[in-house]
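Please read the structure below before turning to the comments.
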């Protein structure tokens, strides 16, 4: 069994990320994106990508990155989830970067790793490994496309898949359920350059989506942890019927059940990150388990947070809605729980018929 | 919308049945069947079939019965469920009788209606309308076969289904999860007499199974009601931590949720009985809804009853286990909840693919 | 004995429904005793059995007569009117019922407070008697339609030195009082369907007190029981959120999957048994009064609306990831089934909070239906101003 | 510094494992300090770190050495031993630990009572001092293996005039005392895995008291923490009830259906994440002590065992409707995965009751892990003999 704990280095990274987010993101900034999608949130990404070097976290040192593994990336994503941070780490530094690494795109990797340029894999945000199709002229809804300047577009010509790098595209913003991860439709406008073809192109895209799914689980864990902790604190201080509502047994038991779910989600997310980092043959199983489980836990945690906050949870001014929107969007992103369970059935030889 | 309440006549019938069961069945008699399957439980059936004339409840007066409808039969079954009564009302007076009525078996109907003879439809107890197969030499597990003397056996010769009436059979008792509804394997030993052939035979069997499924829901309702009421009473009197356990909010909320489920099950069971009685075109939908819902509610109620009784619920001496075994067996009987939901999908045009 | 059918016919005979002014017609309907036939004569009614109202409504609807705006004036029609008839003075009934019914005066409700949500009897808004006028100060919340309302029903604390339920009184407030400050309260959907209402030295004549001083809790309970019944009204099969999902499933094979099919059918069954249980409860209550059993129905409706609207997003992820419009708008009434799937999902979250949380509903069912003992209440028997808050 | 590997090698070198008498070997293992290496020297241990025990177990298992019977003497090995080492006198440790380890003396536990289930501190069994002997009267329940046991650990009330937790003491009881009456307690499975134990003037020397008079609750808590950890031991993927279902699903296409498939996969995932969470907790605790977090694991195991064993019956209804054998037999230890599907379903119901109900586990998690306030306890600060029961 692999190491499911956090190393000292990982905890130190967490602390840096948390500090940077504390300085650059707050709930009111995130909420502002709903009314003004062009609200300037660049300080957050600058702090993470530039100051902390996270844009190149997964890029080997010889390609200009930090040479860290999926384990470290998962810790970053836990913190991003906790803060519903509006930064394209998952989209650019994990998914697109994994594709670029798979095809060893030596010219652009250093630019991406330094944070100078941002890459995006141009597929609908609901795509998952083994279940995507190449070749639409306009692709939507794509996450991480707004502000990107390297567009990795899977195309299909005469049945052969190619991964094409474009540097310009028409990017039209869409109104998103989760405006902290704005979606867009994307149509490339330059001729592009083929990075890989055939099996290599398919493998690069699958690897990118698999890494995204594996690590999205950690973002979901962060969302769920924030919801649990915030609700526990609220339950300790909110008085109704002359008692803190957290002294009512029905609420206590629901929070205990939620704690258990979050504990299980944490183990699942850690296992997915560790097997991805180690290129363990169990990684596909770990990813399907983590995605199908953590997706629902994050949604459940956000829904319980809203309900147990009562009326205040329904208001725009309280932050819980930002987490609900992220959690629900994350559940749909990179494959729904049911889709991942269907994948899992194939992996562990439990056929439907 | 049909009448989902109970008429005065139905309430009066309930009261008679409850009184007869109170005199003839108690939990220790039922429990005795587990160690001694040949324990004499005939007084209960004698009281119901003979004194109250319930064996012929669904048989028209001109065939020697009471000429009542499925609505009255459902009230009887609620009471039988409440008492986990070891009587073959559902097997003989509902299922087999419905088949005999469908083929208008004039010679034996008066005998069955009077309670002089007991009939059984020889199919596995898991069969449901549209999902059974005829033609095994030995059929198992069959409910209601022990003590029966009229065996209605669907057979298949050269692809043609026949419903054959046998008067003798080798009936071998099986150890059942619910010994208050003992199962057996059945192999007819006489030549038999064909009651119907082809579509008429299929229709008779389907009608019998459909009536069984529709009214089993009322038995399940009775089981669930007993479990809810018994647990509520226990929670009011059982003291732990110097409080009745029914004052703990987590337990209160679970019982409130269970009350809601039982309320819904009651409406579903009533609707299934009423549409069956009225030969309403919505009857198949009502049956599938009632079976898929009431099956799970009865199991849930019994499981909650056991859990909230704590250790005493795990003991042989407390009656709750008799209800758990009946509830779980009823869930498997006449089609599982998932099977009924699959049937329902066809009925309401919600295809799987 | 009056026949309501004849009364309706007589009313209809007096107007050309193509041209009639709705206010004029509704006023005449009120005067004819056809507003609420079970109310007393002269107060919009005829002293008839409650169930005859259905006959009136049906006949008027068939004739195409103007009807009061149930969306705009739901508080007035559904809650203030039955409360006024039960507890109001003759003068209050004379003054308020007719313009309420004609919708010349829209009503809103000033009950909930930031610190008194589930614990509704914990309201801290104070009303102090100054001569024959009450001076009211405090903050209310979750007031729908306050921006359109001329009148409000208010619960305020008139005596903080007694236990919390005993120190409340119930008033009718004129929303044009300069001390009333209405501010939109934006919800997670982006809309502002509700308001916060700040009350600063609002002056209420003692003549606008409903019920005795200190009897406010009992009066408010009548109001709220009417609210909960209103929530559990009848429905056709596949009504509500499930209907949106089944319509899509039938129309669009691309959303179908084996993995989701049994979940779909489970929700179909849940919705159907709840519909049947609601129908059964209505049959039971046809002649009687609303009881605590309807709280269980509210639980079921909220659960299903939330789960099914969430399931709908999973059926079509690319659509679910998007939203129709976040623009802040003020609305006068709730919309559960309109707009896009994301809006429906978010709005449904309120179903288990507004009108009594699901936790409170479970308390009601367990104590008032099942007879389980009450939980510990540290404020029992303690004066309101000595209780921790 | 001692190397446990060398100690094990030295022990193994002294015996022919083909012919050795298990009791003799286990006695020698105890004397070599290899029973529990973290126990003190002379008391079955070597004063080594706790995790070195795993090395010892593995080496001995590989060599095929006789091992203590964990099924027969689980209470002794898992609960009595760590309690005696923590609270026992040197004389008690000398007298009891060695025959406990060799299984010459089997132990059972006399904690629960009919009136003290979840409220374990509510035990009413009385122990009254008569000279230097305690005289014990009362009724205990849920005692597994009592029919085979020579010794018992007992919690009894020595002072009913103080609050309930303060009036308890902890004893070692000789089960051959004529006042001990063991009666089988049949369970819903048909088996009698547990017993009721009636104590009538049972005499216990004061020398067999463990811990101070009145300190019984603290001592018992140590015992119980060890029980909960034991419940959450490691497992392979697809271990337990899920493995029985997946084996069947793979082997027998007739049980497969689209409607059940997603449920199967959901349970597979639930079981797997619980396995991972258990593994993660063990990694966290590798150096530390068992904490309240393990209560959450117990919740998860119980839920899965119950749901999956119920699901198994639905997969094959004709088999599920039958049962293997209702004959009453007495067993010395629990069997969860043996016998037929019906037995597994019924036996799993106990998983959320024995060793602390799931309700108590949720209390523990919410109060001791999440820090939520305690619920109201009317007996707080009240002498035991003045509390309602």
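Kindly identify the range B:1-158 as rounded, prolate or oblate by the Cα gyration tensor criterion: order the square roots of the eigenvalues as a ≥ b ≥ c, call it rounded if a/c is under 1.5, otherwise compare a/b with b/c, prolate if a/b is larger, else oblate.
Details: a/c = 1.65, a/b = 1.19, b/c = 1.39.
Oblate.
Between residue C:162 and residue C:61, what length in nm is gained on full extension when 0.36 nm per residue of separation is reduced by their alpha carbon distance? Please list the in-between numbers first.
On the way: separation 101, 0.36 × 101 = 36.36 nm, distance 4.92 nm.
Taking residue C:162 through residue C:61 to full extension adds about 31.4 nm, to one decimal.
Considering only the label points, 7 Å along Cα→Cβ from Cα, what distances in nm to one decimal separate residue A:157 from the same position in each other copy, shortest first?
Values, ascending and in nm: 7.2.
I'd like the orientation of helix A:283-309 relative to chain A: the angle between its Cα long axis and the longest Cα principal axis, in ° from 0 to 90, rounded to 10.
The two axes meet at around 40 degrees.
For a protection proxy built on the mean count of beta-carbon atoms within 10 angstrom, sort C:199-211, C:106-118 highest first, please. Write down the numbers at each step before the final one.
Numbers: C:199-211: 19.1, C:106-118: 22.8.
So the peptides C:199-211, C:106-118, ranked by packing, come out C:106-118, C:199-211.
Which whole-angstrom value gives the distance between the alpha carbon centres of the range A:274-302 and the range B:258-273?
Here the answer is 39 Å between Cα centres.
Please give, to one decimal in nm, the separation of the simple spin-label points placed at residue D:20 and residue C:377, each 7 Å out from Cα toward the Cβ.
7.0 nm
Relative to the longest principal axis of the C-alpha atoms of chain A, give the angle of the C-alpha long axis of helix A:70-82, reported between 0 and 90° and rounded to the nearest 10°.
50 degrees
Take the alpha carbon atoms of the range A:234-348, find their radius of gyration, then divide it by 2.2 N^0.38 Å using N residues; give the quotient. All intermediate terms of the calculation are to be shown ahead of the outcome.
Numbers: Rg = 17.0 Å, N = 115, 2.2 N^0.38 = 13.4 Å.
For the range A:234-348, the normalised Cα radius of gyration is 1.27.
Just to confirm the number: angle between the C-alpha axis of helix B:8-24 and the first principal axis of chain B, 0 to 90 degrees, nearest 10?
80 degrees
So for C:153, C:85, B:312, fewest C-beta neighbours within 10 Å to most, what's the order? Kindly include the intermediate steps, with their values, before the conclusion.
Working: C:153 23, C:85 19, B:312 16.
With the fewest neighbours first, C:153, C:85, B:312 line up as B:312, C:85, C:153.
Taking a point 7 Å out from Cα toward Cβ as the label site, list the nm distances between residue C:28 and the same residue in every other copy, smallest first.
11.3
Per the helix-only calculation at 222 nm, which mean residue ellipticity applies to chain A, given -39500 (n - 2.57) for every DSSP H run of n ≥ 4 and division by its residues, nearest 500 deg cm²/dmol? Intermediate results must be reported in sequence, preceding the final value.
Details: 11 runs with 174 residues, N = 353.
That comes out to -16500 deg cm²/dmol.
Which FRET efficiency value, to the nearest 0.05, do you get for residue B:117 and residue B:280 by plugging their Cβ-Cβ distance into 1/(1 + (r/R0)^6) with R0 = 35 Å? Let's see the in-between values first.
Values: r = 31 Å, r/R0 = 0.90.
The computed FRET efficiency comes out at 0.65.
Can you give the mean number of other chain Cβ atoms that lie within 10 Å of the Cβ atoms in peptide C:321-329? Kindly include the intermediate steps, with their values, before the conclusion.
Working: counts 18, 10, 10, 2, 1, 9, 3, 3, 0.
Across the residues of C:321-329, the mean count of other-chain Cβ atoms within 10 Å is 6.
Sorted by packing (mean other beta-carbon atoms within 10 Å per residue), highest first, where do C:59-71, A:65-77, D:315-327 land?
Details: C:59-71: 14.8, A:65-77: 23.4, D:315-327: 19.2.
Final packing ranking: A:65-77, D:315-327, C:59-71.
I need the calculated FRET efficiency for the pair residue C:104 and residue C:177, taking r as the beta carbon distance and R₀ as 22 Å, to the nearest 0.05. Don't skip to the answer; put the middle values down first.
On the way: r = 18 Å, r/R0 = 0.84.
That gives a FRET efficiency of 0.75.
Just tell me how shielded B:283-294 is by partners: mean number of partner chain Cβ atoms within 10 Å of each residue's Cβ, no decimals. The partial results should precede the final answer.
Numbers: counts 0, 0, 2, 2, 0, 3, 7, 4, 1, 7, 6, 1.
Going residue by residue through B:283-294 and averaging, the value is 3.
For the protein assembly as shown, what is the Kirkwood estimate of the hydrodynamic radius, computed as the reciprocal of the mean inverse distance between distinct Cα atoms, to one decimal in Å? Mind showing how you got there, number by number?
Working: mean 1/r = 0.0279 Å⁻¹.
Computed over the protein assembly as shown, the radius equals 35.8 Å.
Order these peptides, C:294-306, D:41-53, by their mean beta-carbon neighbour count within 10 angstrom, highest first. Don't skip to the end; give the middle numbers.
On the way: C:294-306: 23.2, D:41-53: 17.1.
For the peptides C:294-306, D:41-53, the packing ranking is C:294-306, D:41-53.
Along Cα→Cβ, 7 Å out, is where each label goes; now give me the distance between the ones at residue C:6 and residue D:286 in nm to one decimal.
Roughly 9.3 nm, to one decimal.
At 0.36 nm per residue, minus the direct Cα-Cα distance, what do residue C:368 and residue C:69 gain on full extension? Give it in nm, one decimal, please.
104.2 nm
How crowded by other chains is C:345-353, given as the mean number of beta carbons from other chains within 10 Å of each beta carbon? Working shown, then result.
Numbers: counts 4, 7, 1, 0, 9, 4, 0, 4, 8.
Per-residue shielding by partner chains comes out at 4.
Grab the beta carbon distance between residue B:138 and residue D:335, set R0 = 35 Å, and tell me the FRET efficiency rounded to 0.05. The partial results should precede the final answer.
Working: r = 31 Å, r/R0 = 0.90.
The value I calculate is 0.65.
Under a crude label model (7 Å from the Cα following the beta-carbon direction), how far is residue B:233 from residue D:150 in nanometres?
Simple spin-label model gives 4.8 nm for this pair.
At 37 °C and a viscosity of 0.692 mPa s, what translational diffusion coefficient does Stokes-Einstein give for the range B:160-265, taking Rh as the Kirkwood radius over Cα pairs? Give it in µm²/s as a whole number. The partial results should precede the final answer.
On the way: Rh = 18.2 Å.
Calculated translational D: 180 µm²/s.
Run through the other copies and list how far each one's label point is from that of residue D:212, in nm with one decimal, shortest first; the point sits 7 Å from Cα along Cα-Cβ.
5.9
Since every read-out is calculated from the coordinates, none of them should be taken as a lab result. Quantities reported herein were computed from a predicted structural model and do not represent experimental measurements. Cβ: placed from backbone, ideal geometry, glycine included. Neighbour counts: every protein chain shown.
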